[in-house]
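As structure tokens, the structure follows; a few thoughts come after it.
The values are calculated or read from the model by the stated rules, or taken from the named source; none is laboratory data. This one's a predicted model, so the numbers in the text were calculated from it and none came from an experiment. Positions of Cβ are generated from backbone atoms using ideal geometry, with glycine treated the same way; all protein chains shown enter the neighbour counts. Remember, those area values only see protein heavy atoms, side chains included, never the ligands or the DNA or RNA. Shrake-Rupley method; radii C 1.70, N 1.55, O 1.52, S 1.80 Å.
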Amino acid sequence: MWDRILAKASEGAGGKLFGIDSTCAKVHKHGLCHRQCADNQYIARTRGGANTKVHAIVDARGRPIRIILSAGTTHDSLLAGELVERLTDRTILADKAYDTDAFRALLEESNLGACIPPKANRKNPAKYNKGYYKKRHHVENFFQKIKEFRAVATRYEKLDSRFRSFCVLASIIQWI
């Protein structure tokens, strides 16, 4: 139900510049499952403890379009394709973590522009618009706003579906 509400609200997304990024949510000790239920709950152990990543795409005003969860050790670029699915005629703002040949090819196939600074080790670095890139703060501001909700900043829920529902609900509130 929450996904349908977010999809309906995001139909009013405006602007040509959409930003993508991810943030980590620490998993509280009561949010950890015992071994049998830990499968596929998007929780991964890192040096800092158990984490879940929240991936999002936002419009030019920092309003969310789509939310995806992954384990805390998942690389950002692996879910980037899902975030930009069904989008056209936009420019995607992203940080260096999304600078992969596969993601750039996907953007080109989807008729999407890319404003992604190249990684330092690139042999043929792609050019990007630094003026556009300054607008990427909208996605960071979005994460700051949804993390004002205690249930999003720290994951207390054992099930990924419940935690994702809280994230989507916080996103809907941003539209309101």
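Points worth noting:
- Given (1) in a loop (DSSP other than H, G, I, E, B); (2) touching a residue at least 40 places away in the same chain (Cβ under 8 Å); (3) under 18 Å from the mean Cα position of the chain (by Cα); (4) more than 20 Å from E157 (Cβ to Cβ), index of the condition Y42 fails: (4)
- Segments classed as strands (runs of 3 or more DSSP E), wholly inside segment 47-115, with at least 1 members that are farther than 17 Å from R164 by Cα, out of contact with any Leu (no Cβ under 6 Å at 6 or more places or on another chain) and open to solvent by less than 30 Å² (accessible area, probe 1.4 Å): 49-58, 113-115
- Filter result for R122 (among the basic types (K, R), closer than 18 Å to I67 by Cβ, open to solvent by 30 Å² or more (accessible area, probe 1.4 Å) and not in a helix (DSSP H, G or I)): no
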